[in-house]
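Taking it in order: structure first as structure tokens, then the write-up.
The values are calculated or read from the model by the stated rules, or taken from the named source; none is laboratory data. Owing to the predicted nature of the structure, the values given are computational and were not obtained by experimental measurement. Note: ideal-geometry Cβ built from the backbone for every residue, glycine included; neighbour counts use all protein chains shown.
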Amino acid sequence: MSRARIGIAALVVIALIAAPAVLPGTYYTYLAIIVFIYGIVAIGLNILAGYAGQLSLGHAALMAVGAYTTALLSKALAPVPFFTATGLHIWLGIVVGTVAAALFGALLAIPALRVRGPYLAMVTIAFGWVIFKILQEWSSFTGGDLGISGVPKPRIASLTLIIKQYYYVVLAMFIIALAAQYRLVTSQFGLRLRAMKYSEIGVASVGVNVFRVKVAVFTLSAAFAGLGGALFAHQQNYISPDNFQFFSSVFFLLAVLFGGAGTLLGPIIGAAVLTLLPEMLHDFDTYRLIVYGVFILITLYLLPNGVMGALEGRGRKTLTDRPAGASAEVAPRWIAKAEGAMLEVRNISRSFGGLQALRNVSVQIAPGSVHALIGPNGAGKTTLINILTGFYQADSGEVAMDGAVLHLRSLSDAALAGIARTFQTIKLFGDLAVLDHVMVGFARHSQVGILGALVGGSRLRSEAERHAADARQLIQFVGLHQFENAPASQLAYGHRRLVEIARALALRPKVLLLDEPAAGLVAQEIEALADVIRRLRDCGVTILLVEHHMDLIVSVSDRITVLDYGEVIAEGSPAAIQKDPRVVTAYLGKSLAAA
Amino acid sequence: MYFFLQVALSGIATGAIYGLIAVGYSLTFLTTRILNFALGMWVMLGGMLTLSLVVRLGINPAISLVVVLAAMTLLGLVAERVSVFPFLRAGSDVWVMSTLAVGFLLIDFAEIIWGRTPAKVPGFLSNQPVRLGPIAMLPQQVAILVVAAIVFVALDLFFRRTLLGKAFRAVAHSGEVSTLMGINVRRIQAGSFAGACALAGLAGFMVVPLTLAEPQMGTVLGLKAFAIAIIAGLAAPRGILLCGLGYGALEGLISGYFYTGIRDILGFSLMIVVLYFKPEGLFGHPQEERA
């Protein structure tokens, strides 16, 4: 952070600390508390929806879990003499409420993992609706429509906190939530989250377990909602299902989108504006929703990416102001002594319905060699790559690395085994910078999980610095150093292909599978690609290259395998393959070959 | 057995209403990848207009229906121009907010024009139950089923047999290619939004004699219809009618055998389970990211 920003932040904190003393009466203090509480929930939703791209319309229910848990627990514990004396039941309730909401979040993650887009929205809506209805119907436990009154007032020992004191408790939690969000999204774990929003396959291909990341982020997001709900319960002293309706969930999503999804301050600004606006409109009650609706529409016209989205967008530099640097020949430390493995494909068969995509295919790829796999469209090349990376499972046959059979059930399994890949249709992470793309690639070598990101200290920082340094070398290796901080989405097509290769290299692969890396490239870009492939071989990486571009194949390959209709029809050196009559027939047809 | 049939049938009419609304979500999603999140409010608007026309002005229900449909289409076009079109290119989730903002406007306008007190709209048909042996249904319920059947058959024919319908499907498949083929994609997008609003208006017209007319009447209907559209699969209009009827029957059964309070808890829990096993909906096809 720059000095000016730290100064502004310090001023804001001082103003917030002084606020209750300055503000007249309790009304404004009360409003501030509500803004902080909603802000905490919105921050949680922002991590989930804004950064990780998982839209939720069920956060009010998670808030309800926190609120009802602490209300019921602290009320039940209140008569116990120990708690009566210390007032600890309230703080225990808040902690347990937060944990309970987190558990519900983990529960919600299970069905939510399998669905996306509007289908995910529906799962969260249904979840919220079920919780809401249970609160209404299970009256012996939740008090039904009437809710729970007499929620214990917050106190420390025998000192009951008045609203201007409770303000500081909530403010502290709010600042902690904000700091937690900052730490999380600027960590390597946060990078994985943001990458997942754009391509789950892309992050899985470097060994990230998408399942675990999603459960973690749902759980954390729910904990924020639960904390907000618990703080809310002790503020209001009375809660009912009405506080946690579907509309409240909509409100939180609106707050995140309004302020700017995936920005650090967006959720706070959204929560503040959307909470305070209706209060200011108290005087013309009948037209409240109209003003609200028109206000939202006008804001959307002017700032389609939310308030903070617009501010950040203005500061973003474009590609042209970046100086071009010299290309480097030095092999990066990270892969300089790569231990390329021997990859064996043993009798693999795979069919899709009636179509036999691969029939008894065996290929042996020598360690440290460039092995090309060619064949006409539909020959089964990509299917084979997908089997080698665990994206598909073979019907029969096996894959072995250095003699040991691999069990590949997912992309991340393959990545963990040391098999990296690029994709025929590029799978990059949208606006993330080139450097960030490669940083995500280090996932398998990173010790930082979600907890590490939240609490980690110097070890965390030194790891990030180490990986960043290695990432820069990799980027330089593929010749993209002048675009290091540029959003990958702004790069030329050929450069984006190279970003994918740099990301795959961050895995420190024993085997690298390139699926048609030259597709759509111009001659100059293909030459640069060939150069990268040759230098990778010099580092010792085993490469399997699927390509159509014969010039490239002949110039870089040590060996070529030809597939046609799912079967190996030829294998040999580039010179031999070019003369092989079966290959010529497969590509050009019989009559031409005869002529 | 008779009780079983009776309670199942009692829910089916409501299910047909869900289906009518739900197909509106599908329409806009297919052509523009957006969902009108305020569709329930449009149902309410249809209901309130019906209240004014039929009850307050005493206009013949058939003529009223035509007026309602025309008004809804027109307002739908305006709403599309104001709240969807400007954001189509943004490629973000802004439409979630903008369609909801229009929904807020509709609710507030309804409260100002019609007030918050629920009003009763008498049935357009007689209140004498139609008897099929031991099973009884209200004529209004039968009418809903008939109308829903007609609408879905007409939609099906429209999409499969007419050139305009095929243009809709082409846009659903790929807007860019459709433009190259000379289809006015812009018109189709606006038309699908307005069409969804008209369907919502029809649903409001049909349902209002069974419920009460009030500004909040559409919220839960819209939500459940959204659930139906998702459960069936947004790209599967035929499945949407089936799921609507099925869910309506299920609601009737739960209310009949247990009690109404537990209806939504069971119903929505079931939906989560269904989506767990069929993430693209019961009639949807997998659209996974491919390598």
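Below is a table of values for the structure above.
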{"item": "Residues of the stretch B:212-250 classified as touching a His at 6+ places or on another chain (Cβ under 9 Å) and on the phi < 0 side of the Ramachandran plot, total", "result": "2"}
{"item": "Matching residues in the stretch B:241-266 - criterion: being among the small types (Gly, Ala, Ser) and facing chain A (nearest Cβ under 9 Å)", "result": "B:GLY261"}
{"item": "Candidate set from the stretch A:193-207 (those that are within 10 Å of chain B (Cβ to nearest Cβ) and not in a loop (DSSP other than H, G, I, E, B)); member that is surrounded by the most Cβ atoms within 10 Å (Cβ to Cβ)", "result": "A:ALA204"}
{"item": "Residue within the stretch A:36-43 that is modelled with pLDDT under 95, out of contact with any strand residue (DSSP E or B) (no Cβ under 9 Å at 6 or more places or on another chain) and buried (at least 16 other Cβ atoms within 10 Å of the Cβ) present", "result": "no"}
{"item": "Some residue of the stretch A:208-217 being part of a helix (DSSP H, G or I), modelled with pLDDT of 90 or more and closer than 27 Å to A:THR275 by Cβ", "result": "yes"}
{"item": "Residues of the stretch A:394-413 classified as without any contact (Cβ under 8 Å) to a residue 40 or more places away in the chain and under 30 Å from the mean Cα position of the chain (by Cα), total", "result": "5"}
{"item": "Subset tally (residues that are crowded, with 16+ Cβ neighbours inside 10 Å, more than 10 Å from chain A (Cβ to nearest Cβ) and under 21 Å from A:PHE295 (Cβ atoms)) for the stretch B:69-98", "result": "5"}
{"item": "Filtered residues of the stretch B:128-159 (kept if under 20 Å from B:PRO61 (Cβ atoms) and outside any helix (DSSP H, G or I))", "result": "B:GLN128, B:PRO129, B:VAL130, B:MET137, B:LEU138"}
{"item": "When residues of the stretch A:470-496 are limited to those that are small (Gly, Ala, Ser) and farther than 23 Å from A:ARG534 by Cα, the one surrounded by the most Cβ atoms within 10 Å (Cβ to Cβ)", "result": "A:ALA488"}
{"item": "Qualifying residue in the stretch B:112-127 (condition: part of a helix (DSSP H, G or I), among the aliphatic types (A, V, I, L, M) and within 14 Å of chain A (Cβ to nearest Cβ))", "result": "yes"}
{"item": "Residue within the stretch A:343-352 that is closer than 18 Å to A:ARG534 by Cβ and within 33 Å of the chain's Cα centre (by Cα) present", "result": "no"}
{"item": "Which listed residue is over 18 Å from A:VAL361 (Cα atoms) and within 14 Å of chain B (Cβ to nearest Cβ), from A:ALA415, A:ALA443", "result": "A:ALA415"}
{"item": "Test result for B:LEU234, under 18 Å from the mean Cα position of the chain (by Cα), within 8 Å of chain A (Cβ to nearest Cβ) and more than 30 Å from A:LEU513 (Cβ to Cβ)", "result": "yes"}
{"item": "Identity of the residue in the stretch A:421-430, within 12 Å of another protein chain (Cβ to nearest Cβ) and on the phi < 0 side of the Ramachandran plot, that ends up farthest from the chain's Cα centre (by Cα)", "result": "A:GLN424"}
{"item": "Residues within the stretch A:7-60 that are in contact with an Asp or Glu (Cβ under 8 Å, 6 or more places away or on another chain) and farther than 26 Å from B:ILE272 by Cα, tallied", "result": "1"}
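Residue-by-condition table, conditions (1) within 32 Å of the chain's Cα centre (by Cα); (2) among the hydroxyl-bearing types (Ser, Thr, Tyr); (3) more than 10 Å from every other protein chain (Cβ to nearest Cβ):
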residue: A:ASN46; (1), (2), (3): yes, no, yes
residue: A:ALA71; (1), (2), (3): no, no, yes
residue: A:GLY93; (1), (2), (3): yes, no, yes
residue: A:GLY97; (1), (2), (3): yes, no, yes
residue: A:ALA121; (1), (2), (3): yes, no, no
residue: A:PHE127; (1), (2), (3): yes, no, no
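Let's see how each residue does on (1) within 14 Å of another protein chain (Cβ to nearest Cβ); (2) on the phi > 0 side of the Ramachandran plot:
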position: A:ILE348; (1), (2): no, no
position: A:SER362; (1), (2): no, no
position: A:GLY368; (1), (2): no, yes
position: A:LEU411; (1), (2): yes, no
